[in-house]
There are 2 protein chains.
Amino acid sequence: MSDEGSTASVNGRQISRPTLEQVAARAGVGRGTVSRVINGSPRVSEQTRAAVARAVAELGYVPNQAARALAGSRTDAIALVIPEAEARLFAEPYFLDLIRGVSAELAEADKQLLLTLVRTEQERQRFEQYLAAQRVDGVLLASVHGDDPLPDRIRELGIPVVMNGRRSEAEPVPYVDSDNIGAGRAAVAHLVGRGRQRIATVTGPPDMYVARARLGGYLAGLAEAGHTPDEGLVAAGDFTEDGGRSAMRSLLERRPELDAVFAASDVMAAGARAALREAGRRVPEDVALVGVDDSPVARLMDPPLTSVRQPIEEMGRTMARMLLDDVSGTLEDTPKRVLPTELVVRESC
Amino acid sequence: MSDEGSTASVNGRQISRPTLEQVAARAGVGRGTVSRVINGSPRVSEQTRAAVARAVAELGYVPNQAARALAGSRTDAIALVIPEAEARLFAEPYFLDLIRGVSAELAEADKQLLLTLVRTEQERQRFEQYLAAQRVDGVLLASVHGDDPLPDRIRELGIPVVMNGRRSEAEPVPYVDSDNIGAGRAAVAHLVGRGRQRIATVTGPPDMYVARARLGGYLAGLAEAGHTPDEGLVAAGDFTEDGGRSAMRSLLERRPELDAVFAASDVMAAGARAALREAGRRVPEDVALVGVDDSPVARLMDPPLTSVRQPIEEMGRTMARMLLDDVSGTLEDTPKRVLPTELVVRESC
DNA sequence: CAACGACGTGGGAGCGCTCCCATCAGGGGA
DNA sequence: TCCCCTGATGGGAGCGCTCCCACGTCGTTG
């Protein structure tokens, strides 16, 4: 009775899960040999390998993860941390796409995805406890603000991290970002190409690098087209629909003659659209509109919104790959990757 | 050197995590006593408890999760399984809301959320391996089709399961669903109240219970209003925008005189909206439209869409709570919970 | 005044792995 | 023929915890 593996009762019946030891007995080999086979070590003869494989199949053996983690001090799990506030704010499919990419990559590497939505400061601290409890081999961080100390703290704990986006131009922690400057430039270039003269922008909150970068792209685009920048044509939003609406109102008040708007997100573009309709401006006849994200709302807007697409899922995959490399020690130090964006033209300009 | 806890190197420096043993030594008590304090056992004197708490704080002790799982055979982790295909199909925020609810509830109970997106049949099988590896204490299943054997298989493994939605009227596995029949009835009652006479419906795929239930609600609503059902007013979609569009086209062809449509999802309603526009029908003047989900696209449609809201986040919370109860053994057998839906009236009817 | 619970406590015995060292055959070179 | 090296294998020693039994030490009861 003492060597039957762990058991669980199901409707009174006992289901028992075999252990390494039992597989070894069945295959007529030692524990170490079975372990070697399971972990794909080359130091096993072909014959033995086959015998062990047979025993594994016959018993339906699956290694116990907890025991592996304890003995080998690695968990085969990765945490993805998403601040709850952001999950509401952002064009919502963003995080689903990101999760999809991360998940796909981790599945290929046979790693588990631990999803952590962080709501409060208290939960943040609890998250650091999890890390200390050695539940994960590495951490992926989505949507970090400019002054967030978490990435550095995690690194201090000796745990590999990769971020989605960066906190500033000179980000010391490994990250994967999309080309936000390029996004702004592409949008402006397109509007200029359509003959627009007075191009405004609705930006994100200035404490986020992504907002500053898109604004930078907008300014660069204007400069390249020989336009003079005008502060009156820049209004700050906060990545919400309401924010987009009021930013647009203030733009219309200050510069009623504007004929195009680059909104730093589709959601803000939707708000801007509403403000334009209020003011009796037609899109695209009177004012052309471009957003960022190419989210489903862009397709559904009236008229459908031209938008700069980010390769979100690909960012997720890249982050996961970088992190796994870091965990396994095959990583260049502090890598940064910036993925290209792409303008998707629809009827709004 | 042999009793210093596990170590990890960080920039060449060594960070060591204390063990129970070390806390015990520091507090001048035995290992068992520290364990009791950590786990909140009442069988410890107040004085000892305080001494241990101090030692824990001084050393920054955090219990090693792998060791706990191995010795205690529980992982404090729950898996949430989402079929990848569905994640694309559905009104996308659906799963984010669900995740949010689950995550909130698990965080309160100090459990981890393991997110599993299942893409292929192969990944499904790998998931069963994970279960066998005892990585999780229980499983939450989202979006199960009528013939899915997975829920039963998991139960056979002796692992607690709760599903989101059900496979049929007589679902043997614990589940949390929303009142889909009530949703259909509410939509029809509203349309009837607005004087609509020829009310059509675009349904989901008939192999999903949720689709049949909403159709059932539609039929019940008609019956309650004294309307005679007409098969020509029923067209099957597949929960996609395209599906909604072609279903609407066929409805218009068969019953050009229809004056209202109940679409079984917002996404299909968006497709139907497009088909109506094509056909020159105005919404709501010629045809009134109601959807289900109350997703962001409903608000953004033109005109904004009346829709039946499901309490998605609340479903997530309820599922998590039920599962945790099941895991801890404090659960009534095979509980079912059906949460109410709510009509959100906008300009589309 | 002895016997007896109750309570608080210490620590042995695992949980199922990985790591690593010792062992054992063979085969080739001196 | 003997020795050494290589490749394959067995199994001890943990990993850090929980479970549980055994051991005082009291206050209480007959």
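The values are calculated or read from the model by the stated rules, or taken from the named source; none is laboratory data. If you're wondering where the values come from, they're calculated on a predicted model, not measured in any experiment. Because the Cβ atoms are built from the backbone with ideal geometry, glycine has one as well, and the counts that use them run over all protein chains shown. With ligands, DNA and RNA removed, areas are computed over all heavy atoms of the protein, side chains included. Shrake-Rupley method; radii C 1.70, N 1.55, O 1.52, S 1.80 Å.
Conditions (1) assigned to a helix (DSSP H, G or I); (2) open to solvent by less than 10 Å² (accessible area, probe 1.4 Å), marked per residue:
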residue	(1), (2)
A:Thr201	no, yes
A:Arg212	yes, no
A:Tyr218	yes, yes
A:Pro229	no, no
Conditions (1) under 24 Å from the mean Cα position of the chain (by Cα); (2) part of a loop (DSSP other than H, G, I, E, B); (3) not small (Gly, Ala, Ser): number failed by B:Glu257: (1)
So in the stretch B:277-304, with the set limited to residues that are open to solvent by 10 Å² or more (accessible area, probe 1.4 Å) and not in a loop (DSSP other than H, G, I, E, B), which one is farthest from B:Glu253 (Cα to Cα)? B:Pro296
Show me the helices (runs of 4 or more DSSP H) found entirely inside the stretch A:26-103 where at least 1 residues are at pLDDT 95 or above and near DNA strand C (Cβ under 9 Å from one of its atoms). A:31-38, A:65-72
Restricting attention to the stretch A:117-136, does a residue exist that is in a helix (DSSP H, G or I), crowded, with 16+ Cβ neighbours inside 10 Å and at the interface with chain B (Cβ under 7 Å from one of its Cβ atoms)? yes
Would it be correct to say that B:Val56 is within 16 Å of DNA strand D (Cβ to nearest atom) and at the interface with another protein chain (Cβ under 7 Å from one of its Cβ atoms)? no
Subset of the stretch A:18-52, residues more than 10 Å from DNA strand D (Cβ to nearest atom) and touching a residue at least 24 places away in the same chain (Cβ under 8 Å), comes to A:Pro18, A:Thr19, A:Gln22, A:Val23, A:Arg26, A:Ile38
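Yes/no per residue for (1) away from every other protein chain (no Cβ under 14 Å); (2) free of Cβ contacts under 8 Å to residues at least 40 places away in the same chain; (3) small (Gly, Ala, Ser); (4) open to solvent by 10 Å² or more (accessible area, probe 1.4 Å):
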residue	(1), (2), (3), (4)
A:Glu241	no, yes, no, yes
A:Leu251	yes, no, no, no
A:Arg254	yes, yes, no, yes
A:Leu258	yes, no, no, no
A:Ala264	yes, no, yes, no
A:Val267	no, no, no, yes
A:Ala274	no, yes, yes, yes
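Is it the case, given these coordinates, that A:Leu70 is near DNA strand D (Cβ under 8 Å from one of its atoms) and within 14 Å of chain B (Cβ to nearest Cβ)?
Numbers: near DNA strand D (Cβ under 8 Å from one of its atoms): yes; within 14 Å of chain B (Cβ to nearest Cβ): yes.
The answer is yes for A:Leu70.
Can we say B:Gly165 is over 30 Å from B:Ala69 (Cα atoms) and out of contact with any helix residue (DSSP H, G or I) (no Cβ under 8 Å at 6 or more places or on another chain)? First the steps, then the outcome.
On the way: over 30 Å from B:Ala69 (Cα atoms): yes; out of contact with any helix residue (DSSP H, G or I) (no Cβ under 8 Å at 6 or more places or on another chain): no.
No.
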